[in-house]
Structure formats: structure tokens, C-alpha cells
Amino acid sequence: MTAAPADAARARATPAPPPAEGRLLREAVRRGRGPAALVLAATALGAAAAVTLPLALGRAVDLLIARADAGSWVLLCTALIATEVATDALVARTGGRTGAATTAWLRRRALAGFLAAPSAATTGTGLPTRLTANALDAGTAPVAAATAAAAGLAPLGGLAGLFLVDPWAGAAFVCGVPLLLLILRALLRDGRAALTTYQEEQGRMARLLTGALSGAATIAAAGTVRAEERRVLAPLAGMRAAGERTWRVQGRAAGLSGALMPLLVAAVLAVGGVRLVAGHLTPGDLLALSRYAVLAAGAGALAGALNGWVRAKAGTARVETVTALPPTPHGTRDLPLHGDGTLALHGVHVTRDGVPLLDSVTLTLPGGTTTALVGPSGSGKSLLAAVAGRLTDPDQGTVLLDGTDLRTLSADALRHAVAYAFERPALFGATIADAVACGPLPEPDLRRALRRAAADTFTDRLPHGPRTPLPEAPLSGGELQRLGLARAFTRPTRLLILDDATSSLDTVTAHLVARALTDTPGTRLTITHRLTTAAQSDQVVWLDGGRIRGTGPHSVLWRDPAYRAVFGAGAGGDAGAGADTVTDTGARRRSDVRTDVSNDVRTELPADMRTDLHTGIRTDPRVDTGTGAAE
């Protein structure tokens, strides 16, 4: 059963539609429209109570001065104050819950977009910052929109109340409104630009810090802690400049509005006092004017509401750069039911930044066989392994599994058919069992996977066995790799790809894993630097400079001195020995050394007792230098 050429062509030629700018912001607001509507209604009700209260207070004061019954007005004032307090509490509670829910949704969307995108598209996205600080700001978008929309109700009501009580007092206040609008406009324009710059610099520093933490041991060993501190903290200068600019904009707006509002209130009270002396206003009216002036002066609080909306927009824009990543397109097809896992690559070509990394690779892995992929560092082995299981797509060419183009498979069909184990596996979950199972898995299947990866020998010695929490299980590099292998063994697949996944194993453990691999159904592709792994494979693919330099049995390729040099063997190497004479790390180190010296020096090294030219240590090729165990 083969893929239709039209299907494959359509999968390649149909690009994802470009995302509309600001779409995530609209989706976030629309998602929280129910709570946002409640916040808007509560804010409007609170504003109505606040606008009504001065009139009620003024009427109550006038009645009390006249020694008349003011009980009903006092009760009305009490009810209005209670309404304001209740609506404020409701807004705070609803805003907090809605912000948390929206933030969680945004984080899930960003993480899903990141994982669905091709690996080449996710480089430099600064995901940690976008998932934390930026998503937190973006999560306030629904409530910030409602708050900003309703923030002007109380000031506008206060202004209307001023004109209702005394038009002259209202006119005195209006004289300062144009200046207030200019202040708010400057805050919106300059505040967003400064805040966006700050968030970008913050994300840059987070990326640098994440990289430094992942290589902490290397930094400590190299003694470059101070240099790394300077490198990681370099964005602080940009953050400081952007932060200072943000605070200057906000401080200037707050200062100007803070100075303007008391002047306007004083002008209203002055006009009201004159009108009171002239007999045009009552003491209650003057009290109402003072309250309305304070409400109208609350237009300065509108700056805070608008600033919250600006932060939400900036945060959403940062998160959207991840959610808008074009996902890897998948088809809808399934693999044929009874395929044997035959993998075929035809004319595969991959280019990065104009440099060809894989060039016209054509290769077939017969079903049920083991293929060793060997070659010097940088030859493209890991990239070829990624293409083989569609972790990335080739720029040209096709990859077929049991005759079906991988690009036409559904995502579920693809991931159920292909399993990976990596050199540095990442473990997820609360316990070792969670990390290996990656979902529901019966206990016997978990035990079987651990046993096949030779991981049960150390997991059974842990305090709680495989149920031991990950933080309580310090793991060596080899133990970590064995758990990664166990994870790959948890389910049957048609194609199992090991990307240098046994490099840290000692010789005995590597032999046990190799024997388990032989019994694994499906096709196996393993990147290796081990001589024994290549010798025991059904075929070897020798990759050099992104091209296949040779394909065939290890014993045939061994006749080529350049092939022997891949394993650090001299011109007189013996393929029949078939022994993995050095660990993965040792083989690569000696291989690097030999490429730097002349042929004369290389041939003068004794075959039975060679000297590492970097360290001067003489090593016996019959002994595994990583474990001290002779094969």
C-alpha cells in the first residue's frame, strides 16, 4: 500500500494560513466574556451607586440641618455604600479567578503550539518567559478590557453630577479635561513601547540563563563563572533602560494627573463656595459638589485601567509569537495493517541557513533489521534520524514507512509507529514509573520495559522501586539513558530510532541492551560510535558530510581505512575482533586525536598498547576504559 503522489504533494504544498495579528487577544477576551460581562456589570452598578450617593448625602444633610426626618435618606446612603463595597469585592474575586483560568489556557495553548511546531521553528522563542511572566500579564486581558471599558463611568457620572447640581462648577472642572486627555494619550503611546522592549529584554535574559543552567557543570569545570554571569546579565542594561522609561512615562502621567486633579477639585469647591454665599446652593449641594468633584477627578484612575490593558496587550503579543508558530502538517492516513517496518528515504535533502546538511540521501532499511548509522561528528547522523521519524521534514525528497509517505500519516498513526530514545533523555512526571510509562501502563509491561533496558538492576534498589519520586533518585548518565530506552520499549513500534542512546552505557549493559534490541519487533536504526554495535548490526550506513559514503555489512566496510578511522582504529585494525575496545567517549576522543596527527604518527602507534596523545595515558584496547571490564 503506497501513498498517492497527489496526497504527498498536497501535504508539501499547502502552507498553514498566516495568523491574524491580535487574534489571540481577541480569543482570550472572547473566552472570558462571561466573567468580563459580570465585571462590567458590577463595575457599572458600583459606578451608579457612587454617582447616586452624593445626591443622597446632600439631601440627608439639608434635612438634618432643617431638623426634618432624614431616616429614609440615611438608609439609602447606607445601601449605596454597601453596594459599592459588594461590587468591589465581586470584581476582585471574579477578576482573580478569570485571570487564573485565562492564564492557564494561554499557557496550554503556547505549550501546544510549541510542541506541534517543527523543531527548527522553535529555536530562540524564549518559551519560559512567555509561559510565566508574559502569560500572567496576558491572562488579565478579559477583566482588563472590562475594567478599562467601565473605568470612565464613575468620572463621567461625577462630571454629569457637577452640571446637574451647578453648571458653573461643572464648567470650572471641564477646563482641565483636555490636558487630562493628553496625559492619557501619552501613557498609551509611550507606555506600550517601553513595556514591550522590557519584556523582550527579559525574555532574552531568560534564554541565556536557561542555557547557562543546563551547562552549569561545564561552566564550573572551565572556571568561567564570572564570564557567564556577565553574559547572562548583559540584557540588564536594556531592561533597566526600558524599565526606567516605563516608570518615567507612568510617573509623569501619575504626577501630572495627581497635580491636576486637586487643582480641579479646588476650583469646583471655590465656585461652589461663592455660589453658596450668594444663596444659589445649599450646604447639601456643596457637599454633593465636593463628592462629584472627587468622582470626576477619578479620571486619573482611568490611567491605571488603561495601563493594565496595555500590559495585557503586550503580554498577549509575546505569547502569540509561540501560539502562532506554524504546526507540522499531518495527513489522515494509517499505515497498512501488516507492514514489517521497511523504511525508505529517496533523495532526502536538508538545508539550514544555506548550508546543505543532508545531500541526496537515498537509503532503504529492510523491515525487521538493525541498521547502525555511523560517521564523524557533524556528519548529519542526528538530523537523518530526525528525518527518519519525522521530527523534522526534508526540504526535498520523501520518507516512506511501509510504502506510506510519513507526511500523509495522521499524528496518532505516526507517533504510534515510531519510537525514539536519545542520548540525553528528558524525564517527565512525578516518579520514575511516570517518566517511563508516559501514560497509563500495566505494571507487568512497565517491569518488562525496565528489564529489557537493564534498568531494573538499579530501580529495584531505590527506596520505593520504580515508584520513587524523581528528585529522590539521583541518576548517572548511563542510568538516565537506560530509563530513556525503557520508555522506548514500553510499546511495540514499527520503527525504533536510537540517537546515540547507549553512549554512556558500560560494555556489559550495552551488550544486554543490544540483545534486547535484537528481540524487538520492527525495524531498528541506531546511531552509534561503538564498534560492537556496528559489527552486530545487519547493515551499516556510513555518513560523511551529509552524504552516504558507504552502505553494507560492517566486515566489508572495515576494509576501508577511512571507515576504520571513524572508530579510532589504525590502518591495521581487525574487523574480526568485533570487540568494542573503548567506551563511546573514549572512541570519539581518540578518533579526534588521530585526525589531527600525521599518517606516520598514526601508524607508529602500537596496535596492542596505544597512547592517548592528549593525556599520555596508555590504554589496552581489550579493556573498556569506561568500566575497567575486559570484554
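Listed values, structure above:
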quantity: Cα gyration tensor category, rounded, prolate or oblate, for region 396-501 with a/c compared to 1.5; calculated: prolate
quantity: Longest to shortest principal axis, alpha-carbon extents of region 356-456, angstrom; calculated: 44, 33, 26
quantity: Average projection area in nm² (convex hull over Cα atoms of region 248-404, one quarter of hull surface); calculated: 19.2
quantity: Heavy atoms of Asp88 accessible to a 1.4 Å probe, total area in Å² rounded to 10; calculated: 100
quantity: For region 18-71, the spread of Cα positions along each principal axis, largest first, Å; calculated: 72, 17, 6
quantity: Taking the C-alpha atoms of region 49-100, convex hull volume expressed per residue in Å³; calculated: 50
quantity: Kirkwood hydrodynamic radius (C-alpha pairs) into Stokes-Einstein, region 462-579, 20 °C and 1.002 mPa s, D in µm²/s; calculated: 134
quantity: All-pairs Cα distance distribution in region 448-502, expressed in whole percent, bin size 10 Å; calculated: 24, 54, 20, 2
quantity: Accessible surface, 1.4 Å probe, highest first, among residues Glu84, Glu244, Glu472; calculated: Glu472, Glu244, Glu84
quantity: Semi-axis lengths, Å, region 54-133, gyration tensor of Cα atoms, sqrt of 5 times eigenvalues; calculated: 58, 10, 7
quantity: Contour minus Cα-Cα distance for Arg461 and Leu164 (0.36 nm per residue); calculated: 98.7 nm
quantity: Theoretical gain in end-to-end length, Val174 to Ala92 [0.36 nm per residue, Cα-Cα removed]; calculated: 26.4 nm
quantity: Reciprocal mean inverse distance between Cα atoms of region 474-541 - Kirkwood radius, Å; calculated: 12.4
quantity: Segment Ala430-Glu443, length gained on full extension (0.36 nm per residue, minus Cα span); calculated: 3.0 nm
quantity: Space enclosed by the convex hull of the alpha-carbon atoms of region 107-171, per residue, Å³; calculated: 109
quantity: Calculated FRET value between His338 and Thr123, using beta carbons and R₀ = 60 Å, to 0.05; calculated: 0.90
quantity: Inverse of mean 1/r across different Cα pairs in region 290-344, Kirkwood, Å; calculated: 17.1
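The values are calculated or read from the model by the stated rules, or taken from the named source; none is laboratory data. Please read all numbers here as calculations on a predicted model, not as lab measurements. Neighbour counts are summed over all protein chains in view; Cβ atoms, including those assigned to glycine, are modelled from backbone coordinates with ideal geometry. Accessible surface areas use protein heavy atoms only, side chains included; no ligands, DNA or RNA. Shrake-Rupley method; radii C 1.70, N 1.55, O 1.52, S 1.80 Å.
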